[in-house]
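Please read the structure below before turning to the comments.
The values are calculated or read from the model by the stated rules, or taken from the named source; none is laboratory data. Note that the structure is a prediction, hence the values are computed from the model and not measured. Virtual Cβ from ideal backbone geometry, glycine too; neighbours counted across all protein chains shown.
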Amino acid sequence: MYSYLRGLFLSKKEVASEVIIPKPWDADRQSIYQFLNSFPREKGKPLPDEAGILPDEAIVHAKSGNGMRWASGAMDGAFGHHAGSAPDQSNVDAIYNALHSATLNPSAANIKTLYILIADDNVLNIADALLSQICVKKSLPLIKLQTLTLWLARESPDRGAVKLAVALLGMFSSAADIDLLMTLGLHEEFTLFAAVALGNALEESEAEAAWWELAKCVDGWGRIHLVERLAQTKCTGIQNWLLREGYANSVMHEYLAYDCAVGGNLEAALGIENIDDALLLGAGDIIQALINGGPAQDMTDYEGGAAVIQLYLGHLQRSRIRSVEPILAAQAVIFFIEQPREWEVLEAYGWKNSARQRIVDSAKEILKEKHWALMVQDQLQAEDSVSFWSAARAAEVLGDDPWEQRFCHQQNGRSEQWYDLMRTDDANRVQRVIDLAVKQLDLEKIATGPAAELGLGPDYRCHTALDFILQSLDRFPGLGWGLIDAGLRSPVTRNRNMALRALAGWGQANWPANTKQVLEAARSKEPESRVKENIENVLAGREMA
């Protein structure tokens, strides 16, 4: 992104000097870099879980004002992919002027002025414009700028200042800077900025190697940013990794499926007669993600899609892989082809009617093979949530009902199964789910009073579980009043609306005796005008807004 800056200002022999710069923050605040650098680093290994919460987390959370906690790197990732906007030029100018003053004269006043402007976490929107301005004006004393930048990166206790420092470090390329970038890049809050800086500071092959090293250590938004860059590689080793591991991330496989299929040359990889199980599993995951579609290019954009699926199914017919994942991939292929689409347009990518029929026939034949059912029953005994989830989905594809196994998993606390447990028309099953929810969910913690909270993140696990149950209770009049009552008094707006929707679905004839009084009390305390309107509609027997 900033490649035009590489080598423009500094020769590699010039090194930033050590100077004492006054800190404009409280003395007891911990540097983010020092916090991360305190954890042992092992090549190819992620940071430990305890490194996930940065020292400024409480301040960032308090500033959000809505009770919402972003996962590491999620805010920059989401806004960078979906909600980009032009930077406020007056803000860019103010930061440039403050940076200019602080570089020339790092006095307490100048450093404080700069830090106030950059401590807030809004760097993504201004970084490009600021670096461009530095490049165009060429008025900053560069050795002093490097000194200030390194100081900010190493000493700042606020993530916004660290991100800006990392972005600026892309103009320099000393070995010490690279090591610092790699340390910060291990945390997904900074991976994007480290990736860009490394791309600016290093030659192409060196940058690729650094990106790959980091990509193996992160699995969220950081991996997405890195793999999007690695997908341009010509390195066979990286291409192989993209198809077997690189696509996998904890946000959505759909973000990377297309990039990895194209960048990893999936069609050529599957064109080999004998492939390893890791490639077979990776190809199945990539195919499913391409079919799911969503935030990035998908199967309808993929020129090699039809050929890849035919090759994949051919390998699957010859394989006896010990995994249920191919069941899900084969079912996804059938779903994709049996849905109405603009097939005339897609014929250019190999989706002719005869090819589609061959693919569907092959996928259905694969699902008829008897060994799958035995494998599913075996994997339904898995205690880890990921293996169990796949097995339960696969069981449904094969026509079995894994409801009892799901209930057992939820009952034993192995994984959250509320949503799938409520996918039933059996009132007896629903009553069992309700009874279990009363035992497992802290309803008093949920029913703390109405507010305007979004209810996202791990702190709201119980509220989210309640959502999954409430959203289906409208089909079961009279069941789950205790959960509805708790939902009406939840601080999470979504809980209250779903509780109201359940009561509306019941009809007033099925309400408990004191329901109207409960709703009238809720209306008097409701802070959200739209929810209050919904309460009034439910009381009057009208449809909810």
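Applying the selection to region 57-69, what residues are out of contact with any strand residue (DSSP E or B) (no Cβ under 9 Å at 6 or more places or on another chain) and modelled with pLDDT under 85?
From region 57-69, those out of contact with any strand residue (DSSP E or B) (no Cβ under 9 Å at 6 or more places or on another chain) are 57-65, 69; that's our starting set.
Val60, His61, Ala62, Lys63, Ser64, Gly65, Arg69, listed by residue number.
State all residues of region 262-275 that are part of a helix (DSSP H, G or I) and touching a residue at least 40 places away in the same chain (Cβ under 8 Å); if no residue qualifies, say none. Result: Val262, Leu266, Glu267, Leu270.
Is it the case that Asp259 is closer than 23 Å to Phe190 by Cα, in a loop (DSSP other than H, G, I, E, B) and among the acidic types (Asp, Glu)?
Details: closer than 23 Å to Phe190 by Cα: yes; in a loop (DSSP other than H, G, I, E, B): no; among the acidic types (Asp, Glu): yes.
Considered against the rule, which asks whether it is closer than 23 Å to Phe190 by Cα, in a loop (DSSP other than H, G, I, E, B) and among the acidic types (Asp, Glu), Asp259 comes out as no.
In this structure, is Gly455 more than 19 Å from Ala427 (Cβ to Cβ), touching a Ser or Thr at 6+ places or on another chain (Cβ under 8 Å) and part of a loop (DSSP other than H, G, I, E, B)? Spelling it out, Gly455 is indeed more than 19 Å from Ala427 (Cβ to Cβ), touching a Ser or Thr at 6+ places or on another chain (Cβ under 8 Å) and part of a loop (DSSP other than H, G, I, E, B).
Got a sec? Which helices (runs of 4 or more DSSP H) wholly within region 293-350 have at least 2 residues that are closer than 19 Å to Leu281 by Cα and under 25 Å from the mean Cα position of the chain (by Cα)?
Details: elements: 305-318, 325-338, 343-346.
In region 293-350, 325-338 are the helices (runs of 4 or more DSSP H) which contain 2 or more residues that are closer than 19 Å to Leu281 by Cα and under 25 Å from the mean Cα position of the chain (by Cα).
Scanning region 379-403 for residues that are over 9 Å from Val324 (Cβ atoms), in a helix (DSSP H, G or I) and free of Cβ contacts under 8 Å to residues at least 24 places away in the same chain yields Val386, Glu396.
On the given criteria, is Pro491 touching a strand residue (DSSP E or B) at 6+ places or on another chain (Cβ under 7 Å), modelled with pLDDT of 95 or more and not hydroxyl-bearing (Ser, Thr, Tyr)?
Working: touching a strand residue (DSSP E or B) at 6+ places or on another chain (Cβ under 7 Å): yes; modelled with pLDDT of 95 or more: yes; not hydroxyl-bearing (Ser, Thr, Tyr): yes.
Spelling it out, Pro491 is indeed touching a strand residue (DSSP E or B) at 6+ places or on another chain (Cβ under 7 Å), modelled with pLDDT of 95 or more and not hydroxyl-bearing (Ser, Thr, Tyr).
Return the residues of region 208-228 that are in contact with a Pro (Cβ under 9 Å, 6 or more places away or on another chain) and surrounded by fewer than 22 Cβ atoms within 10 Å (Cβ to Cβ); say none if nothing qualifies. Within region 208-228, Lys216, Asp219 qualify.
Take region 490-516 and flag every residue that is small (Gly, Ala, Ser), in contact with a helix residue (DSSP H, G or I) (Cβ under 7 Å, 6 or more places away or on another chain) and surrounded by fewer than 24 Cβ atoms within 10 Å (Cβ to Cβ). Within region 490-516, just Ala504 meets the criteria. With Leu5, Leu54, Leu10 as the choices, which residue is at pLDDT 90 or above and touching a helix residue (DSSP H, G or I) at 6+ places or on another chain (Cβ under 8 Å)? Of the residues listed, the single one that is at pLDDT 90 or above and touching a helix residue (DSSP H, G or I) at 6+ places or on another chain (Cβ under 8 Å) is Leu54.
Restricting attention to region 497-514, the residues that are free of Cβ contacts under 8 Å to residues at least 40 places away in the same chain and in a helix (DSSP H, G or I) total 9. Looking across region 229-244, the residues that are buried (at least 19 other Cβ atoms within 10 Å of the Cβ) and free of Cβ contacts under 8 Å to residues at least 40 places away in the same chain come down to Arg229, Leu230, Ala231, Thr233, Ile238, Gln239, Trp241, Leu242, Arg244. Restricting attention to region 471-511, the residues that are more than 21 Å from Lys439 (Cα to Cα) and of a type in the set (Lys, Arg) add up to 3. Annotation note: Cβ proximity below 6 Å between a residue of region 515-536 that is without any contact (Cβ under 8 Å) to a residue 24 or more places away in the chain and a residue that is not in a helix (DSSP H, G or I) (sequence gap 6+ or interchain) occurs for Lys532/Glu526; Glu533/Ala545.
Within the bounds of region 426-447, is there any residue that is more than 15 Å from Asp485 (Cβ to Cβ), free of Cβ contacts under 8 Å to residues at least 60 places away in the same chain and surrounded by 21 or more Cβ atoms within 10 Å (Cβ to Cβ)? Don't jump to the end; show me each part of the working.
Taking region 426-447 first, the residues more than 15 Å from Asp485 (Cβ to Cβ) are 426-433, 435-436, 439-440.
In the following step, the residues that additionally are free of Cβ contacts under 8 Å to residues at least 60 places away in the same chain were identified as 426-433, 435-436, 439-440.
This time we only want the ones that are surrounded by 21 or more Cβ atoms within 10 Å (Cβ to Cβ), so: 433.
Within region 426-447, one or more residues are more than 15 Å from Asp485 (Cβ to Cβ), free of Cβ contacts under 8 Å to residues at least 60 places away in the same chain and surrounded by 21 or more Cβ atoms within 10 Å (Cβ to Cβ).
With the condition kept exactly as written, say whether any residue in region 25-39 is at pLDDT 85 or above, under 22 Å from the mean Cα position of the chain (by Cα), in the same structural domain as Cys135 (by TED's automatic domain parsing) and surrounded by 11 or more Cβ atoms within 10 Å (Cβ to Cβ). For region 25-39, residues at pLDDT 85 or above, under 22 Å from the mean Cα position of the chain (by Cα), in the same structural domain as Cys135 (by TED's automatic domain parsing) and surrounded by 11 or more Cβ atoms within 10 Å (Cβ to Cβ): present.
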